[in-house]
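Just below is one structure, and these are the notes that go with it.
The values are calculated or read from the model by the stated rules, or taken from the named source; none is laboratory data. Predicted model, so just to flag it, every value in this text is computed and none were measured. Please note: Cβ atoms are built from the backbone with ideal geometry, for glycine as well, and neighbour counts cover all protein chains shown.
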Amino acid sequence: MDLESLYQEIILDHYRAPHHAGLREPFEAEVRHVNPTCGDEVTLRVHVVDGVVEDVSYDVEGCSISQASTSVLADLLIGKQVDDAMLVHEAFLELMQSRGQVEPDEDLLEDAVAFAGVSKFPARIKCALLGWMAWKDATARAVADVEV
Amino acid sequence: MTLLSASGDTARLSGLLDTDRVRADFPILSRRLDGDRPLVYLDSANTSQKPQQVIDAMVEHYAMHNANVARAVHQLGAESTAAFEGARDTVAAFIGAESRDEIVFTKNSTEALNLVANTLMWARGDLAIGPGDEVVITEMEHHSNIVPWQLLTQRKGATLRWFGLTDEGRLDLSDMDSLITERTKVVSVVWVSNMLGTVNPVAEIARRAHEVGALVVVDASQAVPQMPVDVVALGADLVAFTGHKVVGPTGIGVLWGRGDVLTALPPFHGGGNMIENVTMAVSTYASAPSKFEAGTPPIAQAVGLGAALDYLGSLGMDNVAAHEHAITAYALEQLRDIRGLTILGPTEAVDRGGAVSFEIDGLHPHDVSQLLDSLGIAVRAGHHCAKPAHARFGVQSSTRASFYVYTTPAEVDALVEGIEHTKRFFKVA
């Protein structure tokens with residue numbers, strides 16, 4: 001397997017110095033997601049104001065892929081409209097499930113295109129998705145709370 | 001073996017099997033992985049590889065003797081039954097059981113342990129478990145020897161207690177007399193830890209358990225592959241192990257139980273083969289082992305298991321244990337020298353099996369195993385189904401290398417080089 005396609009330099013950079021890491025206030029929803037096969041964990045908070053992702057803060061105990069992908073997620077989604085952020089989420093999910101067959105939309109996914117290689121390593125896809133699934137869950141809760 | 005003299009380790013590594021000869025029996029060990037890399041298989045505690053003798057025995061069974069067992073009058077049925085029951089004899093002899101009827105075939109160790117926990121749930125009389133009763137396990141158990149006992153104690157209102165661990169990764173036996181008391185109904189312990197590698201003093205624990213009249217269950221999944229086993233000398237009442245870790249196939253495990261204990265336990269699954277008589281209103285049950293073997297059993301798998309134990313027997317389990325000890329001692333010594341690497345579990349090869357779990361500062365086990373895989377080295381990363389033991393040492397997961405009869409010192413060297421390569425790749429000093 002082509003290791004360089006998995007461990008892109010962008011991924012290693014985010015792993016060594018994750019962006020937006022740590023848990024912050026204020027937040028409307030906090031979730032904890034676990035990858036049961038390896039035990040990796042993410043605790044993630046979202047702060048949504050008027051339909052805009054104001055903040056994503058998180059604490060990941062996990063491998064380079066899960067840490068870097070959560071870092072890239074925060075970079076990418078903070079400041080976006082929730083609807084637009086969900087489109088990015090969908091595109092990332094599709095990329096991860098593509099087995100390397102989908103040409104990623106670089107305008108939409110930016111740094112997250114670096115994870116295209118991960119989709120060729122079935123055992124690692126869950127690592128890349130850990131933070132993203134947590135974000136979707138947390139955001140759904142935050143938005144639901146606002147509507148109620 | 002030129003490698004041994006080259007590294008000057010000949011004296012210390014005495015006790016190795018003739019790995020050239022052993023490896024020739026395992027076809028998978030000569031295959032090439034992606035990138036034309038040779039396979040360095042260091043994941044035998046997860047599942048062992050299979051020698052040609054086992055593969056041949058199963059192919060021969062399916063090709064020439066296949067029929068259902070214990071219910072066909074025809075010649076094939078008789079051959080298949082003889083092969084299946086012959087495997088039971090082989091297992092009984094291999095672990096020193098007093099009777100072939102003490103060998104129950106299951107799907108794996110997990111099912112064997114669940115068989116015990118479930119039948120105890122339904123037991124009456126002396127074996128019945130209820131409020132005020134206690135089950136004692138240890139903090140180093142595989143999940144398969146934790147969750148069934150949680151289910152049992154929760155459902156019956158009993159209490160689950162456990163031995164803690166020392167910092168070195170051994171059982172803390174200092175409170176044994178206050179932990180195992182008149183209230184204790186079952187003590188279930190792992191013989192050899194799949195994560196820490198620790199070999200536990202099962203006989204000593206069994207003695208104390210029997211003083212208070214408790215049933216002793218032993219998870220021998222990692223013990224039977226590695227050392228000579230005599231279930232009578234062990235002093236346990238029930239012992240579980242699995243076929244696929246003793247160079248046998250998946251899909252078959254063994255529960256050994258002392259005759260009187262198996263007689264006292266109620267049936268597990270209901271169905272064919274486990275009955276004596278069935279009417280629409282009520283059934284009576286066969287005696288052990290049939291009582292616990294409802295339905296068509298894993299026949300070819302039993303044949304494979306018999307061939308596997310014959311194979312290990314031909315190597316000699318004393319020799320297997322000596323090999324395991326030598327290679328583990330060598331690995332511990334090499335790994336100890338790696339900066340930033342911490343071994344979880346005993347760091348000396350004393351009362352220690354051939355699984356070595358470790359963590360490396362600044363590196364996640366997933367990334368370590370991914371890098372090693374790119375070099376053709378197969379190890380396990382994660383919690384190894386022993387989350388409480390990891391939690392005890394303040395880690396979430398670890399990387400585990402495990403060794404078996406075909407493991408060479410050169411493969412340990414490859415692991416060490418692979419770890420150094422991994423550290424360089426991730427720029428960890």
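The single residue among B:Ser402, B:Ser398, B:Ser374 that is among the polar types (S, T, N, Q), within 23 Å of A:Phe121 (Cβ to Cβ) and surrounded by fewer than 23 Cβ atoms within 10 Å (Cβ to Cβ) turns out to be B:Ser374. When A:Ala85 is tested against (1) of a type in the set (A, V, I, L, M, F, W, C); (2) within 14 Å of another protein chain (Cβ to nearest Cβ); (3) touching a Leu at 6+ places or on another chain (Cβ under 9 Å); (4) touching a residue at least 40 places away in the same chain (Cβ under 8 Å), exactly one condition is not met: (2).
Are there any pairs with C-beta distances below 6 angstrom linking a residue in the range B:135-163 that is buried (at least 23 other Cβ atoms within 10 Å of the Cβ) to a residue that is aromatic (Phe, Trp, Tyr) and outside any loop (DSSP other than H, G, I, E, B), with the two at least 6 apart or on different chains, and if so which? Qualifying pairs under 6 Å: B:Val135/B:Trp149; B:Ile137/B:Trp149; B:Ile137/B:Trp162; B:Thr138/B:Trp162; B:Thr138/B:Phe163.
The number of residues in the range A:20-39 that are within 12 Å of another protein chain (Cβ to nearest Cβ), within 16 Å of the chain's Cα centre (by Cα) and in a loop (DSSP other than H, G, I, E, B) comes to 1.
Could you count how many residues in the range A:45-80 are of a type in the set (A, V, I, L, M), under 21 Å from A:Leu109 (Cβ atoms) and assigned to a strand (DSSP E or B)?
5
Against the test of being within 14 Å of chain B (Cβ to nearest Cβ) and within 30 Å of B:His383 (Cα to Cα), the options A:Ala116, A:Ala68, A:Ala134 yield a single qualifying residue, A:Ala68. Hey, any hits in the range B:407-425 for a residue that's within 13 Å of chain A (Cβ to nearest Cβ), touching a residue at least 12 places away in the same chain (Cβ under 8 Å) and surrounded by fewer than 19 Cβ atoms within 10 Å (Cβ to Cβ)? Yes, some residue in the range B:407-425 is within 13 Å of chain A (Cβ to nearest Cβ), touching a residue at least 12 places away in the same chain (Cβ under 8 Å) and surrounded by fewer than 19 Cβ atoms within 10 Å (Cβ to Cβ).
Being within 14 Å of chain A (Cβ to nearest Cβ) and more than 13 Å from B:Thr407 (Cα to Cα) is a condition met by at least one residue of the range B:46-60. Being within 23 Å of B:Gly125 (Cβ to Cβ), of a type in the set (Asp, Glu) and free of Cβ contacts under 8 Å to residues at least 12 places away in the same chain is a condition met by at least one residue of the range B:254-268.
Pairs linking a residue in the range B:221-242 that is at pLDDT 95 or above to a residue that is of a type in the set (Ser, Thr, Tyr) and in a loop (DSSP other than H, G, I, E, B), with Cβ atoms under 8 Å and 6 or more positions apart or on different chains, are B:Gln222/B:Ser193; B:Pro225/B:Ser44; B:Pro225/B:Ser48; B:Pro225/B:Tyr404; B:Ala240/B:Ser221; B:Phe241/B:Ser221; B:Thr242/B:Ser221. Would you say B:Val303 is closer than 18 Å to B:Asp167 by Cβ, at pLDDT 95 or above and buried (at least 23 other Cβ atoms within 10 Å of the Cβ)? Here the answer is no, as B:Val303 does not meet what is asked. Within the range A:104-148, the set of residues being among the acidic types (Asp, Glu), closer than 15 Å to A:His47 by Cα and either within 15 Å of the chain's Cα centre (by Cα) or crowded, with 20+ Cβ neighbours inside 10 Å (or both) comprises just one member, A:Asp137.
Listed by first and then second residue, the pairs linking a residue in the range A:1-19 that is more than 12 Å from chain B (Cβ to nearest Cβ) to a residue that is hydrophobic (A, V, I, L, M, F, W, C), with Cβ atoms under 7 Å apart and 6 or more places separating them unless they lie on different chains, are A:Gln8/A:Ala114; A:Ile10/A:Ala114; A:His14/A:Ala68; A:His14/A:Val72; A:His19/A:Ala74. Taking the range B:319-429 as the region of interest, the strands (runs of 3 or more DSSP E) fully inside it that hold 3 or more residues being modelled with pLDDT of 95 or more and touching a helix residue (DSSP H, G or I) at 6+ places or on another chain (Cβ under 9 Å) are B:341-344, B:355-360, B:398-402. The condition (being loosely packed, with under 15 Cβ neighbours inside 10 Å, among the basic types (Lys, Arg), out of contact with any Gly (no Cβ under 9 Å at 6 or more places or on another chain) and at pLDDT 95 or above) is satisfied by just one residue among B:Arg12, B:Arg21: B:Arg21.
In the set (1) in a strand (DSSP E or B); (2) surrounded by 22 or more Cβ atoms within 10 Å (Cβ to Cβ); (3) away from every other protein chain (no Cβ under 13 Å); (4) not charged (D, E, K, R), A:Val42 fails one condition alone, (3). Annotation for the range A:55-62: at least one member residue is touching a His at 6+ places or on another chain (Cβ under 8 Å), within 14 Å of chain B (Cβ to nearest Cβ) and not β-branched (Val, Ile, Thr).
Cβ-Cβ distances below 9 Å connect the following pairs, each with a first residue in the range A:108-121 that is at positive phi, a second residue that is of a type in the set (A, V, I, L, M, F, W, C), and a separation of six or more residues or different chains: A:Glu110/A:Val72; A:Glu110/A:Leu76; A:Glu110/A:Val88. Within the range A:106-124, the set of residues being closer than 19 Å to A:Asp13 by Cβ and not basic (Lys, Arg) comprises A:Glu106, A:Leu109, A:Glu110, A:Asp111, A:Ala112, A:Val113, A:Ala114, A:Phe115, A:Ala116, A:Gly117, A:Val118.
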